[in-house]
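*Asks:* Here's a structure for you.
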Amino acid sequence: MNKLSLLGLLSLVIRRDLVLAMRRRADVLTTLIFFVIVVSLFPLGVGPEMDMLRKMAPGVVWVAALLASMLSLGRMFSADYLDGTLEQMMLVPQSLSVLVLAKILAHWMVSGLPLVIMAPVLGLQFDMPTQALWVLIAALLLGTPILSMIGAVGAALTLGLRGGGALVSLLVLPLCIPVLVFGAGRSGSRCKWHKRELPLIVARRATGDGIGIYAMGYGPRPAYFDRIKHIVYF
Amino acid sequence: MLQVQGANGSGKTILLRTLCGFMMPATGEIRWCGQSIHELGDAFYAEMVYLGHLNAIKDELNALENLRISAGLAGCKVDDKQVIAALRRLGLRGRETLPVKVLSQGQRRRVALARLLLSNAPLWILDEPLTALDVGAVGLMQELIGEHLLNNGMVIYTTHQPLEVVGVATRWLALS
């Protein structure tokens, strides 16, 4: 019997989740189409005032991305929880944190990455200049994984609860405010990165990710899982 | 071989789940080879396979993919030949590449049971393994458990159906 390496395990789970997403394409498309529709409603509602549209574009795209990512959060663990796969994953003789990291990465590839790719096309509706579009893509590339990360904590805590989908949004949205402020703020006004700002964002992301994965690895572990659930209930 | 018996709601599943480490026992501790399973952690999980009420198979994937992934997660590297052999042993010849969602309940259970054949773990913890299985499959299951025990394996299971393995003494645990 050969034990799988951590990287092997990571790629196995990512590949599994991507195959599952490809076989359930409707779920992926729902998120993307929701994003496209929400962003497109603004130019229609505000009217053809280019200056105003240009100013509000980053904020609109970010808020829409945030809401769209909420749509898919509930699915991150729930299918595996319902059919017993999550139970089996807890019995994997490997670090649970790696499994959770793989699931988060796969979730981002399925629900975050399409938004990043679609964003510049939607930015054109707001007459965003090319430079601003690049900044928007970069900001979303940094920001959307954080949304998946924070969302994963909410998704794990609301597993198995009735109305978990709405609850996860209520839990996670306030926690995403810093990401929104950073992301939309940078993609807006001057459309340039400050040299000093980038390390700050990367550091924030690294610490946030680190704490998130660590907590998630231990969060769903048997004994702790029940305790966390009790805290949430009371 | 230990068979756990008891009426509905007597705590059979909870006992098995506690043995797997999903829950902490209120008092005492669970040991594997003299060491607490919570201290052993991964070393214990590498030596056991658990089959619960839920089959832990994905409807969207076919039987082959499901087993390849579950064996991978359990840390065993298996090739397609082994997986197909395991599926055939469980009477799923010709169903290997069908999506699991088109299979019947009993056939899905068989796919889940095929996991046991792909694992080298000495300890099997089975919660109602015979649910939804037909007479033939129950006989097959007895055969599989018998082979596992001959290879120095251990089985702890709950069932409401009598399961007799020839030449093996069964220990009973009645919960009330």
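*Asks:* Could you list B:95, B:89 in order of exposure, starting from the residue whose Cβ has the fewest other Cβ atoms within 10 Å?
*Replies:* Details: B:95 20, B:89 16.
Ordered from fewest to most neighbouring Cβ atoms within 10 Å, B:95, B:89 come out as B:89, B:95.
*Asks:* Hey, another quick one. Using a Förster radius of 25 Å, what is the FRET efficiency between residue A:181 and residue A:44 based on their Cβ-Cβ separation? Nearest 0.05, please.
*Replies:* E between residue A:181 and residue A:44, to the nearest 0.05, is 0.40.
*Asks:* Compute the FRET efficiency between residue A:33 and residue A:137 as 1/(1 + (r/R0)^6), taking r as their Cβ-Cβ distance and R0 = 22 Å, and round to the nearest 0.05.
*Replies:* Approximately 0.65, to the nearest 0.05.
*Asks:* Is the range B:109-159 best put as rounded, prolate or oblate by its Cα gyration tensor, with a ≥ b ≥ c the root eigenvalues, rounded for a/c under 1.5, and otherwise prolate when a/b is larger than b/c, oblate when not?
*Replies:* Prolate.
*Asks:* Measure off 7 Å from each Cα along the Cα-to-Cβ vector at residue B:3 and residue B:152, then give the distance between these two points in nanometres to one decimal.
*Replies:* That separation, rounded to one decimal, is 2.7 nm.
*Asks:* Between residue B:54 and residue B:176, how many nm apart are label points set 7 Å from Cα along the C-beta direction?
*Replies:* Calculated label separation equals 3.4 nm.
*Asks:* Another question about this same structure. So what is the orientation-averaged projected area of the range A:1-136, using the convex hull of its C-alpha atoms, in nm²?
*Replies:* 9.7
*Asks:* Which aspartates and glutamates does residue B:58 reach when only Cα atoms under 15 Å apart count, and residues fewer than 8 places away in its own chain are ignored?
*Replies:* Qualifying aspartates and glutamates at Cα under 15 Å: A:17, A:80, A:83, A:87, B:96.
*Asks:* Given the options B:154, B:23, B:48, which has the most mean-square fluctuation in a GNM of chain B, springs set between C-alpha atoms less than 10 angstrom apart?
*Replies:* Highest fluctuation of the listed residues: B:23.
*Asks:* Calculate the mean, over all residues of peptide A:78-86, of how many other protein chain Cβ atoms lie within 10 angstrom of the residue's Cβ.
*Replies:* Average per residue, whole number: 4.
*Asks:* How big is the gap, in Å, between the Cα center of the range A:76-109 and the Cα center of the range B:1-45?
*Replies:* 22
*Asks:* Also: With the Cα gyration tensor of the range B:74-121 in hand, convert its eigenvalues to equivalent ellipsoid semi-axes via √(5λ) and list them largest first in whole Å.
*Replies:* 18, 11, 9
*Asks:* Consider all pairwise Cα distances in the range B:1-72 and report the whole-number % of them above 20 Å.
*Replies:* 46
*Asks:* Calculate the mean, over all residues of peptide B:73-85, of how many other protein chain Cβ atoms lie within 10 angstrom of the residue's Cβ. Please report the intermediate quantities before stating the final value.
*Replies:* Details: counts 13, 8, 9, 4, 5, 2, 0, 0, 0, 0, 0, 0, 0.
Per residue, the average neighbour count from other chains is 3.
*Asks:* Given the peptides A:124-133, B:1-10, arrange them by the average over their residues of other C-beta atoms within 10 Å, most packed first.
*Replies:* Ranked by mean Cβ neighbours within 10 Å, highest first: A:124-133, B:1-10.
*Asks:* Moving on to the next point. How many nm is it between the label spots at residue B:81 and residue B:134, if each spot is 7 Å from the Cα in line with the beta carbon?
*Replies:* Between residue B:81 and residue B:134, the label points sit 3.0 nm apart.
*Asks:* To the nearest µm²/s, what D does Stokes-Einstein give for the range B:2-175 at 25 °C and 0.890 mPa s, using the Kirkwood radius over alpha carbon pairs as Rh?
*Replies:* Roughly 146 µm²/s, to the nearest whole number.
*Asks:* Moving on to the next point. When 1/r is averaged over all different Cα pairs and the result inverted, which Kirkwood radius in Å belongs to the protein assembly as shown?
*Replies:* 23.5
*Asks:* Please rank B:20, B:33, fewest neighbouring Cβ atoms within 10 Å first, as an exposure proxy.
*Replies:* Lowest to highest Cβ neighbour count: B:33, B:20.
*Asks:* Run lengths n ≥ 4 of DSSP H only: what is the helix-derived mean residue ellipticity at 222 nm for chain B, with -39500 (n - 2.57) per run over all residues, to the nearest 500?
*Replies:* On the way: 7 runs with 67 residues, N = 176.
So the helix-based figure for chain B works out to -11000 deg cm²/dmol.
*Asks:* Net charge within 15 Å of residue B:10 by Cβ-Cβ distance, Lys/Arg positive one each and Asp/Glu negative one each, not counting residue B:10 itself?
*Replies:* 0
*Asks:* To the nearest whole percent, what portion of all C-alpha pairs in the range A:126-165 is separated by more than 17 angstrom? List each step's numbers first, then the result.
*Replies:* Values: 405 of 780 pairs.
In whole percent, the share of Cα-Cα pairs in the range A:126-165 beyond 17 Å is 52.
Quick note: the coordinates plus some simple rules give every number you see, no bench work behind them. Worth saying up front: this structure is predicted, and the values here are computed from it rather than measured. Note that we place each Cβ from the backbone using ideal geometry, even for glycine, and neighbour counts take in every protein chain shown.
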